[in-house]
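Contents: one structure, followed by commentary.
Nothing in this text is a laboratory measurement; each read-out follows from the coordinates by a stated rule. None of the values given here were measured: they were computed from a predicted structure. No Cβ is skipped: glycine too gets one built from the backbone with ideal geometry, and neighbour counts run over all protein chains shown.
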Amino acid sequence: MTQTKFTGLGIALITPFNEDESIDFDALGNLLDYQLQNGIDYLVVLGTTAETPTLSEEEKKSVIQFVLNKVNGKVPIVLGCGGNNTRGVVERLKNDDFTGIDAILSVVPYYNKPSQEGIYQHFKAISEASKVPVILYNIPGRTGVNMLPDTTIRLAREFKNIIAIKEACGNMDQINDIIKRKPKDFMVISGDDGITYPLITMGAQGVISVIGNAFPKEFGRMVRLSLQGDYESARVIHQKFTDLFDLLFVDGNPAGAKCMLSLMGYIQNKLRLPLVPTRMVTYEKIREVLKGLNVKC
């Protein structure tokens, strides 16, 4: 089944930059090797964590091709493909080459603040245009509008190629409502590292993770243990990371992740405006937590 490709640990891949802000493909290659060697289940390319709005169209194409060549079918690839201009997203879905792409991740339209019916019609158009399965992405803290459970369930029931939702609403009751009412083969994926453990105990099927960029082996083990029902062992791992969860996002995403990866020696601590690196106080706190986890930095 298509859905089983996206069970477990998905990585919201960052985009490393050189000091001159060009894409650091050497670092990206090393990071991909690190992910693949440590048992991730799939990759999400050109999502929020990739600083996608700051990339040119040519850069996006280069990143996609580089990842496809490097991964070479070892794990499924999910491509971020959304926006607040429905017609533009549909045209891209109809005209772009999706060879090697296993699904798209499509965010609730942002800034426009559509009604629930507008959200439904937006994703209806995307579903009808997409050549590959669609994973919905609800993150009201960024989009300014919350896709309610009734809309999610309506889409899940009416469109077979809408296979999952990445839920980052932060409301456990809302996510639990979706889990209780969803069609059997529709997946709920955590969009928040910090609540992945409890969500899996409620019936979610994994996470699209930021912290997994740095800790794919350990965080992936927590996810798999939870999915297997070994909640006690999973809880122990979950609690090791609780101090990092808030630190990763206190100065914005992916500032925290890039700070952590730079301390670990994988990338330069470089972002593109309007994003900037973490404050020094956050940097020092992340370094102390990493030392407590026995990470050399």
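What to note about this one:
- Shape category assigned to the stretch 2-228 from the gyration tensor of Cα positions, a/c cut at 1.5: oblate
- Note on the chain: helix-only mean residue ellipticity at 222 nm, from DSSP H runs of 4+ residues weighted -39500 (n - 2.57) and normalised by residue number, equals -13500 deg cm²/dmol.
- The peptide list 147-154, 272-279, put in order of mean Cβ contacts within 10 Å with the highest first, becomes 147-154, 272-279.
- Filter on Lys5/Lys94; Lys113/Lys285; Lys131/Lys166; Lys61/Lys124; Lys61/Lys180; Lys60/Lys285 - keep pairs with C-alpha separation over 31 Å: Lys113/Lys285; Lys61/Lys180; Lys60/Lys285
- Full extension of the chain between Phe159 and Glu58 yields a length gain of 33.2 nm, computed as 0.36 nm times the residue separation minus the alpha carbon distance.
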